[in-house]
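Everything on this sheet refers to the single structure shown next.
The values are calculated or read from the model by the stated rules, or taken from the named source; none is laboratory data. Values in this document were obtained by computation on a predicted structure and should not be read as measured data. Cβ sites come from the backbone with ideal geometry, for glycine too, and all protein chains shown count toward neighbours. These area figures cover heavy atoms from the full protein model, side chains too; ligands, DNA and RNA do not enter into them. Shrake-Rupley method; radii C 1.70, N 1.55, O 1.52, S 1.80 Å.
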Amino acid sequence: MVVLAAFVGLCVWGSLLYSNTLKGPFLFDDGKFILTNPAIRQLGDPVLWQDLGHRKRFVAFFTFALNYRVHGYDVLGYHAVNIAIHLFTALFVAWFFLLLLKTPRMKEDKIANHSYAISFLVGWLFVSHPVQTEAVTYISQRFECLAALFYMLSLCLYLKGRMSLERPLKSAVFFIFSAVAAIAGTFTKEIVFTLPISLLLIEWIFFKGPGTEDSLT
């Protein structure tokens, strides 16, 4: 219950931080991506798939289409979705650190005794840090926010799969959903191309590197 309350508190804190941005107007690229973009005006519009720029980032454009379907050009709905994405990403960041502290490299370290507190503080720092402000408050920067969400989700699911190898079916399910999140992220923004590098680094540092059980076999 304490853990649940802590992470609910993180979401409440993040919502309060960004509550004054809900009425911020459309700016800059919001014009071409939302206000004058015919592709988002009908769900399933073929324009969404025919334009090369839309094909590269169709997941994010699809969320804009959903927003338009529900909210039209009311900025509140668009901002609310951006904030929700940011909050979920903060939770995935916290979960990611919690999982890292349970890996073979870290689980015997004294720091692992404080895994929940550390994970919560990292999530709190992520949700609060001003470097995130533009990505959350500028509606068209949803590309960045949503890509980060899929990126962190893929990492978390990979770690869950990696630490469940003794149960092959369960592990396979986590790996499959990790791949699905990675693909969704790739079609949200191109920054997700670094994900395989991150996975290789995690594998080496936390599972295969010096001091891990696998490195001794």
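Please work out which residue is nearest to THR89 (Cα to Cα), limiting yourself to region 161-186 and to residues that are among the charged types (D, E, K, R) and open to solvent by less than 80 Å² (accessible area, probe 1.4 Å).
Residue satisfying both the conditions and the ranking: ARG162.
Which members of region 23-41 meet the condition of being touching a residue at least 40 places away in the same chain (Cβ under 8 Å) and either touching a strand residue (DSSP E or B) at 6+ places or on another chain (Cβ under 7 Å) or among the small types (Gly, Ala, Ser) (or both)?
GLY24
Are any residues in region 4-28 open to solvent by less than 60 Å² (accessible area, probe 1.4 Å) and among the β-branched types (Val, Ile, Thr), and if so, which ones?
Selection gives THR21 alone.
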